[in-house]
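Visitor: Before I ask anything, here is the structure I am working with.
The values are calculated or read from the model by the stated rules, or taken from the named source; none is laboratory data. As the structure is a computational prediction, the values presented were derived from the model and not from experiment. Heads up, the Cβs are rebuilt from the backbone with ideal geometry, glycines too, and the neighbour counts pull from every protein chain shown. All accessible areas refer to the heavy atoms of the entire protein, side chains included, with ligands and DNA or RNA removed. Shrake-Rupley method; radii C 1.70, N 1.55, O 1.52, S 1.80 Å.
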Amino acid sequence: MIKSLFSKWRQEEAVEAAVEEAKPDAAALLPLSDYSMPEPDLWEPVSQACTQAQLEEPHYSHWCAQIREDPRMHRKQWEYCYIMQALHINEMIEEGRHALGFGVGNEPMAAMLAHNGVKVLGTDLAPERAKSAGWIDTDQHAISKQQLNERKICDPEEFERLVDFRFMDMNKIDRDLTGQFDFVWSACAFEHLGSIAKGLEFVVNSVKCLKPGGLAIHTTEFNCSSNDDTVDNASTVLFRRRDFEMLEKRLKSKGCRIEFNWNLGQKPLDLHVDVPPYSSNEHLKLQIEQYLVTSFGIIIHKD
């Protein structure tokens, strides 16, 4: 009996050791991660990547409830929660604030903001151009204001009063929007502008729409595996750390503040790579071509 128990214990120990040995090495899988930095949290976000720990914080569920979604381990859902938490801690989700959303598609953001008294202008690409880009066929494009409140997050009368909508190309922001907004946002949109250079130019130009003291928050695709080779000049580009560091220099020269956290996480889902066909859950890191990719958020303060 004792021999049998000992044998079983040794077998279990061997299995545990094999599982531990099979875990991906964080340093090898995520060579651009700076583990000397504290792991990013959602409570006080800076410019940072999506990580498992953030989705486990209690207020993540709070923001999911605000947009009428069940919490999932999914980077796209994280993007909405990240944007909302960043707005919240900077006292932007308040009655009387004025917001501009770029490439809003069928997002719940405009309705959630209007529900909280924020006046919103949502924008998206004109239908004929969106169709040629494939956004209409994949249900990622807005063709009317009413589409922004499909989840009925906001009272219809309040939504009608507080939300406006217009067609606009993010590569050519309308001049009448300069200096008009307390905050601007986009959720995984500026990687679709044709190139890395165009995407970075959009971010810089979006800040021009802010009043002094305003806030710009954008999420996009981040190349976790290379600071050199990447996807550029394509329908979806992958930004590298060096691209964001260049952006930081440009923004600082224009009187803006931005802070980065380059820790990409070390929990199991931070080291799990989702491959096509992608999962509706457990989807924080994924493979695009030969690159490891995740969502990254950028927060810009205009002084």
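Visitor: For the chain, with every protein chain kept in place, what is the accessible area per residue (1.4 Å probe, Å²)?
Guide: About 48 Å² of surface per residue is accessible.
Visitor: Separate question: So in the chain, what percent of DSSP beta bridges are antiparallel if you round to the nearest 5?
Guide: Close to 40 percent.
Visitor: Using a Förster distance of 41 angstrom, determine the FRET efficiency expected from the C-beta separation of ARG151 and GLN180, and round it to 0.05.
Guide: Efficiency, from the Cβ-Cβ distance: 0.95.
Visitor: Additional query: Report, in deg cm²/dmol and to the nearest 500, the calculated mean residue ellipticity at 222 nm for the chain, where each DSSP H run with n ≥ 4 adds -39500 (n - 2.57) and the sum is divided by the residue count.
Guide: For the chain, the value works out to -9500 deg cm²/dmol.
Visitor: Another question, if that's okay. Classify region 148-303 as rounded, prolate or oblate from the Cα gyration tensor: take a ≥ b ≥ c as the square roots of its eigenvalues, call it rounded if a/c is under 1.5, otherwise prolate when a/b beats b/c and oblate if not.
Guide: Oblate, because a/c is 1.5 or more while a/b does not exceed b/c.
Visitor: OK, next. Can you work out ³J(HN,Hα) from phi for every residue in region 60-76, in order, using Karplus 6.51 cos²θ - 1.76 cosθ + 1.60 and θ = phi - 60°, giving whole Hz and x for Gly and Pro?
Guide: Working through the residues one at a time gives 4, 5, 4, 6, 4, 5, 4, 9, 6, 10, 6, x, 9, 7, 9, 5, 5 Hz.
Visitor: Check which residues have an amide H placed less than 5 Å from PHE165's amide H, if you skip close sequence neighbours.
Guide: GLY122
Visitor: Once Rh for region 213-303 is found with the Kirkwood sum over Cα pairs, what is the Stokes-Einstein diffusion coefficient at 4 °C and 1.567 mPa s, in µm²/s?
Guide: Value of D from the Cα-based Kirkwood radius: 89 µm²/s.
Visitor: Taking square-rooted eigenvalues a ≥ b ≥ c of the alpha carbon gyration tensor, is region 59-216 rounded, prolate or oblate, where a/c under 1.5 means rounded and, failing that, a/b exceeding b/c means prolate?
Guide: rounded
Visitor: Starting at the first residue of region 239-256, write each ³J(HN,Hα) from the Karplus equation 6.51 cos²θ - 1.76 cosθ + 1.60 with θ = phi - 60°, in whole Hz, x for Gly and Pro.
Guide: 7, 9, 4, 5, 5, 6, 5, 5, 4, 4, 5, 5, 5, 5, 5, 9, x, 10
Visitor: Once you've got the Cα coordinates, tell me which of LYS119/LYS267; LYS145/LYS198; LYS145/LYS252; LYS76/LYS145; LYS145/LYS249 are over 32 Å apart.
Guide: Long pairs (Cα-Cα over 32 Å): LYS119/LYS267; LYS145/LYS252; LYS145/LYS249.
Visitor: On to the next question. When we measure straight from the Cα of LYS172, which aspartates and glutamates land under 16 angstrom away, once same-chain ones fewer than 8 places off are left out?
Guide: Straight-distance partners of LYS172: ASP124, GLU191, GLU201.
Visitor: Then there's this: In debye to the nearest 20, how big a dipole does the chain give about its Cα centre with +1 on each Lys and Arg Cβ and -1 on each Asp and Glu Cβ?
Guide: Roughly 560 debye, rounded to the nearest 20.
Visitor: Another question, then. Mind grabbing the base-10 log of I(q)/I(0) for the chain at q = 0.06 Å⁻¹? Debye formula, identical points on the C-alpha positions, no solvent, two decimal places.
Guide: -0.22
Visitor: Given H placed 1.01 Å from N in the peptide plane, which residues other than close sequence neighbours of LEU100 have an amide H under 5 Å from its amide H?
Guide: Hits under the 5 Å cutoff: LEU121, PHE183, VAL184, TRP185.
Visitor: Distance in nm between label sites at LYS252 and ASN106, each 7 Å beyond Cα in the beta-carbon direction?
Guide: Distance between label points: 4.2 nm.
Visitor: Follow-up. So what J values fall out for region 276-284 if you push phi through Karplus, 6.51 cos²θ - 1.76 cosθ + 1.60 with θ = phi - 60°, rounded to Hz, Gly and Pro as x?
Guide: For region 276-284, the Karplus-derived couplings read x, x, 5, 7, 7, 8, 6, 10, 9 Hz, x marking Gly and Pro.
Visitor: Also, I was wondering about something else. State the volume of the convex hull built on the alpha-carbon positions of region 146-187, expressed per residue in Å³ and rounded to an integer.
Guide: Normalising the Cα hull of region 146-187 by residue number yields 113 Å³.
Visitor: Here's another thing I want to ask about it. Would you please classify the overall shape of region 37-93 from the alpha carbon gyration tensor, given that a ≥ b ≥ c denote the square roots of the eigenvalues, rounded means a/c under 1.5, and beyond that prolate means a/b larger than b/c while oblate covers the rest?
Guide: Here region 37-93 falls in the oblate category.
Visitor: Please give the length that would be gained between VAL273 and ARG166 if that part of the chain were fully extended, namely 0.36 nm times their separation in residues minus their C-alpha to C-alpha distance (nm, one decimal).
Guide: Extra length from VAL273 to ARG166 when fully extended: 34.8 nm.
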